[in-house]
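Asks: Here it is, the structure, as structure tokens.
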There are 2 protein chains.
Amino acid sequence: MANVCATHTGGNTKNLEYLFSPKEVAIVGASGNKGSVGFTIFENFLKGGFGGRVYAVNPNRAAVQGKKAYKSILDIKGKIDLAVVVVPAKLVPLVYDQCVRKKVKAVIVISAGFSEIGEKKLTRNLQRMIDEHPNTRVVGPNCIGIFVPEHNLDTSFFEKSRMKRPRKGSVSFLSQSGAMGAVILDWASTQEFGFRKFVSYGNAMDVDEADLLEYLSKDRKTKVITAYLEGAKEGRKFFNIAKRTSLKKPIVVLKGGVTDEAHAATASHTGSLAGSAEVYEAVFRQAGIVRADNLLELFAFAKLLENEPLPKGNRVQIITNGGGFGIVATDAVVRAGLQLAKMSNKNKEAIKKKVPDTVTVNNPIDLTGDADVKRYVVSLKAALADDNVDMVVVIFLFTTPTLGSDLVRELAKVRKISKKPVVAISIGSKYTEKKLKDMEKLGLITFNYPSVAARALKGLSNYAQFLRENKKKC
Amino acid sequence: MANVCATHTGGNTKNLEYLFSPKEVAIVGASGNKGSVGFTIFENFLKGGFGGRVYAVNPNRAAVQGKKAYKSILDIKGKIDLAVVVVPAKLVPLVYDQCVRKKVKAVIVISAGFSEIGEKKLTRNLQRMIDEHPNTRVVGPNCIGIFVPEHNLDTSFFEKSRMKRPRKGSVSFLSQSGAMGAVILDWASTQEFGFRKFVSYGNAMDVDEADLLEYLSKDRKTKVITAYLEGAKEGRKFFNIAKRTSLKKPIVVLKGGVTDEAHAATASHTGSLAGSAEVYEAVFRQAGIVRADNLLELFAFAKLLENEPLPKGNRVQIITNGGGFGIVATDAVVRAGLQLAKMSNKNKEAIKKKVPDTVTVNNPIDLTGDADVKRYVVSLKAALADDNVDMVVVIFLFTTPTLGSDLVRELAKVRKISKKPVVAISIGSKYTEKKLKDMEKLGLITFNYPSVAARALKGLSNYAQFLRENKKKC
């Protein structure tokens, strides 16, 4: 294992705060044509509750969506913190030059049409200008930009009728890909799950994943950093920042382009060098990054890391009222690389005294199909109190006639007495989904599939182990 | 590879039709106590639209839920096709004896409390009686029994307000576990997915998985057989029947107890001998069984096998309007063991002529974020027509402003011109879920996650390969 305590060359976080909490914003390319990107972005600013001031820049219109339009950003009187640029690619250098002259602190270039489609000359030209003006920070091009629920700041070009936004929370998300960014925002809106800061940074011609990681590592309210990456612009810089950040908060990464075939496709996407799967796997492990193998895992890991305490080890106790469901969960737990906990005889006997003889008190604890709330309460309490148990998976067939309506409330109470991770699992239709929602509202994390829950617990456990092994060294 | 064409010792299917289409049914243990199993089963018969005659047997009541109750099944005048037994375990032998004397054709013993909790004497006693009367077929004990939507036949003891039932269709499902059975019924009700025949058969003291497989292999309207198994009662019999059945229709199995730890737990569950993971893996492969590694895959495989044609090979073309989403799907396809298709230059040029230069026509075909319906139609048509493409994965970011409302309809039309498997992938909130539902209604199979879709296509492809390798031999 590499020395994770090494000091690192920091990311460049200069002026990045203007990306996430600007007071004065100009939308260059704000449009009155419904359905266009420039329309939606400007509309989202006007109607989305953004607290700062927003200006429309459009050389061809006197007004856009009822607001005065400026011919150029230079015509605006006041200072501008952030310019959001949605003009055709070939006009971007001109607009960028005006932003520099206006002393704009940060620029988000939404426009596509650069290296990702092989536009070499235009890309080179813009890159040179960006490099010459390090004080004007640039996100993009080829991105959907920033979303910060706290400030109702939202530069993504999706209509709210089509794409919902998540609520305020403590997960931040970096995405090289705009599509993956949009998908995760939309999905997260359906979950008991909140976002702190979201960035889709596209081609990373200035601000890259390492800079953003550095910035988020210092953002106190970001509890978990999640990311979709195809490649790091500067591998060493990324690694150094990631390993330091991991000691402070978890980083979950879904790496796109891990197979040779997908790797080849990334070149024509964000134009980044994706790097071999083996290299990334080693880098991620040494940096303490929790690696998600797919979208399902990315979501699961983020949810768990945001909400659950870290386990002391990897021993899992399973409690179920469905025998087969418990068997499937056992397979999932073992396959994920976790261990089945062995509860002490004392605690097992304590359960046995309070439940019928038909209950199997082992691992899984099978409360059987006629389980009532009491059996769950008794078992969960004993499992949480047992020194041989690090995490608990509680499985519910909510549909049985014997489970009373006080189930969710009672279990949420028991869950609070302990700092061990607990996840609940069930799947079904409306009734079951409602019960799961109720659980999440009371702070019990839920999953539909044992395999996904088990992988997520393994991610949590891996991160806890990284901290145990590395924190004391530094 | 073993000789799959071998003649086999058949399963015992005598009188099994009375389980699935009885005319006269007696519920022994029908109850008036709301919340009890005997109440719910009887109520589901009375109110569920069952077309035959149903009798209540309850020695302690003159009437149950407003219907005359008989002291014993022997007191009923007419013949009885099926008895559903929900009495305490210790009374089951007595009730079974009465069923035999009444010449009942089939008995479903819902009651638990036999080998699964170590009740040796009672189990031995019942087993002896069952063995002596081979004409009275028994499902169970320790099960939830039968569900046949076509006849509104439903012996499961779940209230409909808690657990929904799937509609009529062509998938049949066998489950050793009642819990897994209940979960799959409930989940299936939320899908564009129909059931033909469902059996939860529990401890399998008479009718076992092999008998049921044999029966379903002959059931013309069953297109796909799915199963949750912990172990086969008679391995050789199961293998022989499975391999013959696989040549007629696909069998998808989720095997519970594949890890040593879970294997140990199965003994205390249905009392079956689960067998080692390696043995089952070999048996499944040789028998052409599509093996699901988890619940998520079981659902995905069943959905795909019910609806999609079989592919001629394993080459997949990906079409997307989100670059990153396409990369993730490429990783998923390659990791699942499928190949990326290489479309002919002719077909690629045909697409290029009809789309903007920004579109990458490769694999994935990246239609880019401003894709309209036409780009999808043109690409899907070309991919389906290409001899180098066996299956197509179409990814949608439905939320972009440029995708018109005619998308689903137009693609469903294109899909119909070809007999290649096509799956659509997207994930999001309400708007996206609605689009996916619309697609499924028009016969386009959808998934939320590329990893799940890819694994399901691999299952489809494996089954197609099994048929290619074995059908000609027989």
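The values are calculated or read from the model by the stated rules, or taken from the named source; none is laboratory data. Computed from a predicted structure; not experimentally measured. A quick note on method: Cβ atoms are made from the backbone with ideal geometry, for glycine too, and the neighbour counts reach across all protein chains shown. SASA here: full protein model, heavy atoms, side chains in, ligands and nucleic acids out. Shrake-Rupley method; radii C 1.70, N 1.55, O 1.52, S 1.80 Å.
Asks: Give the dimensionless ratio obtained when the Cα radius of gyration of the stretch A:17-72 is divided by 2.2 N^0.38 Å.
Replies: Here the Cα radius of gyration is 1.07 times the empirical estimate.
Asks: Could I ask something else about it? Over 23 Å between Cα atoms: which of B:K197/B:K233; A:K223/A:K255; B:K79/B:K218; A:K164/B:K416; A:K197/A:K419 fall into that group?
Replies: Cα-Cα > 23 Å for B:K79/B:K218; A:K164/B:K416; A:K197/A:K419; rest within.
Asks: According to the Cα gyration tensor, what semi-axes, each the square root of 5 times an eigenvalue, does the equivalent ellipsoid of the stretch B:93-197 have, listed from largest to smallest in whole Å?
Replies: Values for the stretch B:93-197, descending: 29, 16, 11 Å.
Asks: Normalised by the empirical 2.2 N^0.38 Å for globular proteins, what value does the Cα Rg of the stretch A:434-474 take?
Replies: 1.61
Asks: How far is B:D97 from itself in the other copies, in nm, if each label sits 7 Å out from Cα along the Cα-Cβ line, shortest first?
Replies: Ordered by increasing distance: 10.3 nm.
Asks: Hey, another quick one. Distances from B:G78 to the same residue in each other copy, label points 7 Å out along Cα→Cβ, in nm, shortest first?
Replies: With the label placed 7 Å along Cα→Cβ, B:G78 yields 8.3 nm.
Asks: When only alpha-carbon atoms count, how far does chain A stretch along each of its three principal axes, as whole angstroms with the largest first?
Replies: If we take the Cα atoms of chain A, the spans are 81, 50, 37 Å.
Asks: Can I ask one more? Just round it to a whole percent: the fraction of Cα-Cα distances in the stretch B:258-365 exceeding 25 Å.
Replies: Result: 45 percent of Cα pairs exceed 25 Å.
Asks: Okay, moving on. Note down the magnitude of the dipole of the protein assembly as shown about its Cα centre, charges +1 on Lys and Arg C-beta and -1 on Asp and Glu C-beta and zero elsewhere, to the nearest 20 debye.
Replies: Using only the charged Cβ atoms, the result is roughly 1420 debye.
Asks: At a probe radius of 1.4 Å, what is the per-residue accessible area of A:V423, in Å² to the nearest 10?
Replies: Counting only protein heavy atoms, the figure is 0 Å².
Asks: Moving to a separate point now. Could you work out how far apart the two model spin labels at B:T190 and B:N135 are, taking each label as a point 7 Å from the Cα in the direction of the beta carbon, and quote it in nm?
Replies: For B:T190 paired with B:N135, the spin-label model returns 4.7 nm.
Asks: Moving on to the next point. So who's got an amide H within less than 5 Å of the one on B:I445, skipping anything under 5 residues away but keeping other chains? H placed 1.01 Å off N, in plane.
Replies: Residues meeting the amide H criterion: B:A424.
Asks: Measure off 7 Å from each Cα along the Cα-to-Cβ vector at A:R409 and B:N33, then give the distance between these two points in nanometres to one decimal.
Replies: 2.5 nm
Asks: Tell me whether the stretch A:315-396 comes out rounded, prolate or oblate; compute the Cα gyration tensor, take square roots of the eigenvalues as a ≥ b ≥ c, and use a/c under 1.5 as the rounded threshold.
Replies: Oblate is the answer for the stretch A:315-396, as a/c is 1.5 or above yet b/c matches or exceeds a/b.
Asks: Would you please give the residues with an amide H less than 5 Å from that of A:S175, counting only those at least 5 places away or on a separate chain, with H modeled from the backbone geometry?
Replies: Here A:V199, A:S200, A:Y201, A:Y228 satisfy the definition.
Asks: If amide hydrogens are placed 1.01 Å from N in the peptide plane, which non-local residues have theirs closer than 5 Å to the one on B:K164?
Replies: A:S429
Asks: To the nearest 0.05, how large is the calculated FRET efficiency for B:S344 and B:K374 if R₀ is 25 Å and r is the Cβ-Cβ distance?
Replies: After rounding, the FRET efficiency stands at 0.70.
Asks: Then there is this: Calculate the mean, over all residues of peptide A:247-257, of how many other protein chain Cβ atoms lie within 10 angstrom of the residue's Cβ.
Replies: 2
Asks: Report Rg (one decimal) and Dmax (nearest whole number) for the protein assembly as shown, counting Cα atoms only, units Å.
Replies: Every Cα atom of the protein assembly as shown included, Rg and Dmax give 30.2, 99 Å.
Asks: Using helices alone, what [θ] at 222 nm do you get for the protein assembly as shown, with -39,500 (n - 2.57) per DSSP H run of 4 or more residues, divided over all residues and rounded to the nearest 500?
Replies: Computed mean residue ellipticity for the protein assembly as shown: -11500 deg cm²/dmol.
Asks: If you don't mind, there's one more thing I want to ask. For A:T402 and A:K434, what does the FRET efficiency come to when R0 = 25 Å and r is the distance between their Cβ atoms, rounded to the nearest 0.05?
Replies: Approximately 0.90, to the nearest 0.05.
Asks: Per residue and in cubic angstrom, what volume does the convex hull of the Cα atoms of the stretch B:366-474 have?
Replies: Hull volume normalised by residue count: 112 Å³.
Asks: In addition: Roughly how much accessible area, to the nearest 100 Å², goes out of reach of solvent when A and B pair up, both sides summed, probe 1.4 Å?
Replies: 5400 Å²
Asks: Over the stretch A:309-378, give the accessible area per residue in Å² for a 1.4 Å probe, as an integer.
Replies: With the other protein chains kept in place, the stretch A:309-378 gives 40 Å² per residue.
Asks: Okay, next question. Please name whichever of B:Y228, A:V389, A:V100 sits farthest to the positive end of the charge dipole of the protein assembly as shown, dipole taken about the Cα centre and charges placed at Cβ: Lys and Arg +1, Asp and Glu -1.
Replies: Projecting each Cα onto the dipole axis, the largest value belongs to A:V100.
Asks: Evaluate peptide A:172-185: per residue, the Cβ atoms of other protein chains within 10 Å of its Cβ; return the mean as an integer.
Replies: Mean shielding by partner chains, rounded to a whole number: 5.
Asks: So for chain B: antiparallel DSSP bridges make up what percent, rounded to the nearest 5?
Replies: Bridges in chain B are about 15 percent antiparallel.
Asks: Give me the tail of P(r) for the stretch A:1-160 as a percent: Cα-Cα pairs with distance above 19 Å.
Replies: I get 54 percent for the Cα pairs in the stretch A:1-160 exceeding 19 Å.
Asks: Ok, one more. Give the residues of the stretch A:45-64 whose amide nitrogen is closer than 20 Å to a point set 7 Å from the Cα of A:E17 in the direction of its Cβ.
Replies: Only A:51-53 pass the distance filter.
Asks: Right, another one. Quick check: with the 1.4 Å probe, what order do A:Y228, B:Y280 take by accessible area, largest first?
Replies: The ranking, largest first, comes out as B:Y280, A:Y228.
Asks: Now, a different point. Note the distances from A:G313 to each other copy's matching label point, with points 7 Å along the Cα-to-beta-carbon direction, in nm, sorted shortest first.
Replies: Once sorted, the set of distances for A:G313 reads 5.3 nm.
Asks: Report the local net charge at A:K342: Lys and Arg +1, Asp and Glu -1, summed over other residues whose C-beta lies under 12 Å from its C-beta.
Replies: Local net charge: -2.
Asks: In percent, what relative contact order does the stretch B:1-138 have, based on Cα pairs under 8 Å that are 6 or more apart in sequence?
Replies: 23 percent
Asks: Right, here's the next one. Please give the FRET efficiency for B:A62 paired with B:L94, using the beta carbon to beta carbon distance and R0 = 35 Å, rounded to the nearest 0.05.
Replies: 0.95
Asks: Which of the peptides A:115-126, A:438-449 is most tightly packed, and how do the rest follow, judged by the mean count of other Cβ atoms within 10 Å per residue?
Replies: Going from most to least packed, we get A:438-449, A:115-126.
Asks: Within the set of other residues whose C-beta is less than 12 Å from the C-beta of A:T399, count the net charge using Lys and Arg as +1 and Asp and Glu as -1.
Replies: Summing Lys and Arg as +1 and Asp and Glu as -1 gives +4.
Asks: How large, in percent, is the carbon and sulfur part of the accessible surface of the protein assembly as shown at a probe radius of 1.4 Å?
Replies: 51 percent
Asks: Closest approach to the B-A rotation axis by any Cβ of B: residue and distance in angstrom?
Replies: B:L296, 4
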